[in-house]
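Each remark here refers to the structure printed beneath this line.
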Amino acid sequence: MVGLKEKYKDYFKVGAAVNIYTVDTHKELLIKHFNSITCENETKFVNIQPEENNYEYDQTDKILSFAKKNNIAMRGHTMVWHNQTPDWVFKDATRDILLERMKNHIYNVGKKYKNDFYCWDVVNEAIEDKKDLFYRKSPWLEIIGEDFMDYAFNYAREVLPDTDLYYNDYNESEYPKRDKIYKAIKDMLDRGVPVDGVGLQCHWNICSPSMDDFKQAMEQYAKLGIKIQVTEMDLSVFDFKDETRLDKPGIDLLKKQAAIYKEGFKILREYKDIVDTVTLWGVADDATWLDDFPVKNRKNWPLLFDENHEPKEALYAIMDF
Ligand code: 9MR
């Protein structure tokens with residue numbers, strides 16, 4: 001079978017999230033099928049700068065050396081987020097102090113991987129899911145104010161003139177969240193803030209989003225006139241509120257999953273001129289964050305390769321065009 005990256009070479013890069021273990025355990029699949037990788041946790045604030053001015057780059061460097069050796073591009077994830085950010089960042093912070101800490105972090109990590117990462121998720125998940133609020137409540141918003149994203153992108157551009165800078169979020173196809181994501185980016189662009197792309201996480205499940213909604217969302221984001229990446233795609237075999245446990249997924253379920261992947265990739269191919277990369281949030285079903293979310297310790301099968309690293313229906317479905 002031809003590799004995914006080969007099959008999609010005229011469309012977009014195909015990526016996977018990795019960690020320091022899966023670059024060993026999943027290396028055959030990574031090398032054959034993927035030409036972009038994202039660190040699942042290693043490049044987050046708490047991992048990179050757990051204490052002020054104490055930068056830890058060893059884990060990322062291990063993954064980077066794997067990427068370089070195998071000619072795989074790397075995306076950065078993520079600089080400014082409400083999660084996985086150590087407490088010291090917000091401790092006793094005034095607006096000026098927090099902006100200074102933000103700038104230091106972005107400058108340091110940006111500079112370190114300047115020649116290595118082709119893009120960064122500069123800000124992650126800043127838009128609120130609930131209808132009545134626009135921005136998500138977070139210490140970044142509360143301490144700095146609504147212009148915290150402007151600062152983050154401007155700092156990132158200062159240190160990374162040639163790297164694509166992304167705003168990344170989930171529930172990207174849901175209404176009204178997609179209108180809010182669109183508006184937040186559009187307003188930044190109108191203010192001259194350097195946003196090069198929108199990252200759609202695409203943590204989907206067997207029931208949602210509908211592919212009609214996804215298509216409409218793509219149409220809307222395309223109007224921003226910037227690049228689009230799918231940054232964290234996977235497809236849970238359970239509806240979000242469903243707490244069922246299964247020993248293994250039935251063939252019908254896997255077929256349904258494959259059909260959604262097929263349709264999703266078909267839509268993405270239609271936007272190949274602006275879709276830069278489509279990244280899966282993991283490589284194979286033996287290592288997925290969904291085994292612990294939203295139900296703790298429940299097996300899930302959301303990816304394109306099974307627990308034995310064999311292709312699933314879903315893989316064949318997205319290769320069939
Ligand atoms: O997959 C990541 C998991 O290992 C971590 O425990 C979790 C902690 O917040 O973050 C997961 O990755 C998230 C990503 O960084 C941002 N979008 C949602 C992802 C899944 O939670």
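Details
A quick yes/no check of all residues on (1) touching a residue at least 40 places away in the same chain (Cβ under 8 Å); (2) within 16 Å of the ligand (Cβ to nearest atom):
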site: E6; (1), (2): no, no
site: Y11; (1), (2): yes, no
site: D24; (1), (2): no, no
site: E28; (1), (2): yes, no
site: F34; (1), (2): yes, no
site: E40; (1), (2): yes, yes
site: P50; (1), (2): no, yes
site: E56; (1), (2): no, no
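- Within the range 117-149, the residues that satisfy the criterion of being open to solvent by 40 Å² or more (accessible area, probe 1.4 Å) and aliphatic (A, V, I, L, M) are L133, I143.
- Some residue of the range 208-224 being open to solvent by 50 Å² or more (accessible area, probe 1.4 Å) and among the aromatic types (F, W, Y): no
- Beta carbons closer than 9 Å, at least 6 apart along the sequence or on distinct chains, pair a first residue in the range 285-308 that is closer than 18 Å to N41 by Cα and of a type in the set (S, T, Y) with a second that is more than 14 Å from the ligand (Cβ to nearest atom) and open to solvent by less than 20 Å² (accessible area, probe 1.4 Å) for T288/W301.
- Scanning the range 58-73 for residues being of a type outside the set (F, W, Y), away from the ligand (no atom under 15 Å from the Cβ) and in contact (Cβ under 8 Å) with a residue 24 or more places away in the chain gives a total of 8.
- In the range 164-177, the condition of being of a type in the set (K, R) and closer than 19 Å to L224 by Cα is met by at least one residue.
- Exactly one residue out of D276, D320, D292, D306 is over 18 Å from V230 (Cα atoms), of a type in the set (D, E) and open to solvent by less than 70 Å² (accessible area, probe 1.4 Å): that is D306.
- Of all the numbered requirements in (1) under 21 Å from Y166 (Cβ atoms); (2) open to solvent by 40 Å² or more (accessible area, probe 1.4 Å), K69 misses one, and that requirement is (1).
- Of the helices (runs of 4 or more DSSP H) lying entirely inside the range 204-321, those containing at least 1 residues that are over 30 Å from L189 (Cβ atoms) span 251-270, 313-319.
- Within the range 283-315, tally of residues that are near the ligand (Cβ under 10 Å from one of its atoms) and either under 16 Å from Q257 (Cα atoms) or β-branched (V, I, T) (or both): 2
- Subset of the range 32-61 (residues that are crowded, with 17+ Cβ neighbours inside 10 Å and under 19 Å from V2 (Cβ atoms)): H33, F34, N35, S36
- Scanning the range 175-209 for residues being within 15 Å of the ligand (Cβ to nearest atom) and under 21 Å from D132 (Cα atoms) gives a total of 2.
- Scanning the range 210-238 for residues that are within 15 Å of the ligand (Cβ to nearest atom) and among the hydrophobic types (A, V, I, L, M, F, W, C) returns V230, M233, L235.
- When L200, L235, L268 are screened for being open to solvent by less than 50 Å² (accessible area, probe 1.4 Å) and touching a helix residue (DSSP H, G or I) at 6+ places or on another chain (Cβ under 6 Å), only L235 passes.
- Note on the range 96-116: residues that are basic (K, R) and either surrounded by 14 or more Cβ atoms within 10 Å (Cβ to Cβ) or under 16 Å from T78 (Cβ atoms) (or both) total 3.
- W120, sole failed condition from (1) away from the ligand (no atom under 15 Å from the Cβ); (2) under 21 Å from V195 (Cα atoms); (3) in contact with a Gly (Cβ under 8 Å, 6 or more places away or on another chain): (1)
The values are calculated or read from the model by the stated rules, or taken from the named source; none is laboratory data. Owing to the predicted nature of the structure, the values given are computational and were not obtained by experimental measurement. Because the Cβ atoms are built from the backbone with ideal geometry, glycine has one as well, and the counts that use them run over all protein chains shown. Heavy atoms of the whole protein, side chains included, go into the accessibility calculation; ligands, DNA and RNA do not. Shrake-Rupley method; radii C 1.70, N 1.55, O 1.52, S 1.80 Å.
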